[in-house]
Amino acid sequence: MRLSFIVVFLFVALGLAAQSRTEDVVYLQNGSSMRGKVIADDGKGITIQTKDGSVFVLRKDEVVRVATEPAFGSYQYKEKGFSHFTELGPLVAGKTTIDGVTTAAFSFQTVNGYKLNQYAFTGLGVGVDLYATQTIIPVFGSFRGDIRKDGSVIPFYFLDAGYGFNITQNSSAGEDFKGGLMYAAGLGMKIPFNRTAGFLLSMGYRYQRSEYLQNSTTKTVTYSRLAIRAGFFL
């Protein structure tokens with residue numbers, strides 16, 4: 001419960017932080033505009049400080065209106081082309097380990113592929129999932145898309161599916177470890193920080209199946225986890 005609260009708090013805080021990246025925009029009679037912070041408005045004129053520290057005093061008759069808008073950025077939205085994602089984070093625990101351990105696991109993955117348009121990216125991913133008693137290498141196909149393409153936060157969805165190779169070493173707990181089907185789905189948000197890259201945060205459901213032998217009996221383990229990831233994209 002505490003971890004779920006923290007996750008929700010992170011998403012809300014990140015969203016609010018992105019929304020708070022605003023600036024004042026003064027639209028002028030000559031058709032131009034100035035962006036920055038209005039530091040004075042005495043009814044006769046407006047004083048605005050731009051991002052480079054310059055201060056300008058404008059007469060009221062020069063100003064059409066003053067607005068507060070999302071901060072202007074240099075991010076260039078990529079309609080199509082090569083894209084990359086690197087993500088890591090916990091796989092929140094369930095009652096699904098061979099020893100009944102319920103601690104969270106850790107996951108890392110990287111995805112490379114081609115963006116066809118705003119709504120469709122296809123690529124291949126590989127990573128490592130470190131569960132309490134097993135280590136699995138997932139290899140998967142990824143389908144992703146942006147729900148919108150403007151603003152300081154870009155929400156996206158993802159669908160992953162593939163096979164997890166089990167590299168767990170034999171021990172007294174089991175032997176002949178094998179992997180199995182893996183799939184995941186969820187939502188996230190991208191927060192650009194320069195012309196071509198940005199941070200990302202996502203949350204979704206992740207499923208992984210594996211098998212092993214214990215006393216000559218085949219045991220099946222199903223990992224059903226809440227995947228919480230942070231990373232960056234290109």
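The values are calculated or read from the model by the stated rules, or taken from the named source; none is laboratory data. Since this is a predicted model, take the numbers as computed values, not measurements. Don't worry about glycine lacking a Cβ; one is built from the backbone with ideal geometry, like all the others, and counts go over all protein chains shown.
Kindly evaluate Ser152 against the criterion of being part of a loop (DSSP other than H, G, I, E, B) and surrounded by 14 or more Cβ atoms within 10 Å (Cβ to Cβ).
The answer is yes for Ser152.
Output the strands (runs of 3 or more DSSP E) that fall wholly within the stretch 12-100 and possess 1 or more residues being at pLDDT below 85, exposed (fewer than 12 other Cβ atoms within 10 Å of the Cβ) and acidic (Asp, Glu), or say none.
Because the criterion is at least 1 residues that are at pLDDT below 85, exposed (fewer than 12 other Cβ atoms within 10 Å of the Cβ) and acidic (Asp, Glu), the strands (runs of 3 or more DSSP E) in the stretch 12-100 that meet it are 63-70.
Restricting the search to the stretch 207-234, which residues are in contact (Cβ under 8 Å) with a residue 40 or more places away in the chain and either aromatic (Phe, Trp, Tyr) or in contact with a Leu (Cβ under 6 Å, 6 or more places away or on another chain) (or both)?
Passing the criteria: Arg209, Tyr212, Tyr223, Arg225, Ala227, Ala230, Gly231, Phe232, Phe233.
Restricting attention to the stretch 155-172, report how many residues are in contact with a Lys or Arg (Cβ under 7 Å, 6 or more places away or on another chain) and not in a strand (DSSP E or B).
Count: 0.
Name the residue that is farthest from Gln76 (Cα to Cα), counting only residues in the stretch 147-164 that are modelled with pLDDT of 95 or more and of a type outside the set (Gly, Ala, Ser).
Ranking the qualifying residues of the stretch 147-164, first place goes to Tyr163.
So which of Leu201, Leu116, Leu124, Leu181 ends up being among the hydrophobic types (A, V, I, L, M, F, W, C), assigned to a strand (DSSP E or B) and farther than 17 Å from His84 by Cβ?
Leu181
Determine if the stretch 131-144 includes at least one residue that is surrounded by fewer than 17 Cβ atoms within 10 Å (Cβ to Cβ), among the aliphatic types (A, V, I, L, M) and assigned to a strand (DSSP E or B).
yes
Conditions (1) more than 11 Å from the chain's Cα centre (by Cα); (2) crowded, with 19+ Cβ neighbours inside 10 Å, marked per residue:
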residue: Asp160; (1), (2): yes, yes
residue: Lys190; (1), (2): no, yes
residue: Tyr205; (1), (2): yes, no
residue: Ser216; (1), (2): yes, no
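Return the total of residues in the stretch 190-205 being in contact with a Pro (Cβ under 9 Å, 6 or more places away or on another chain) and either at pLDDT 95 or above or not aromatic (Phe, Trp, Tyr) (or both).
2
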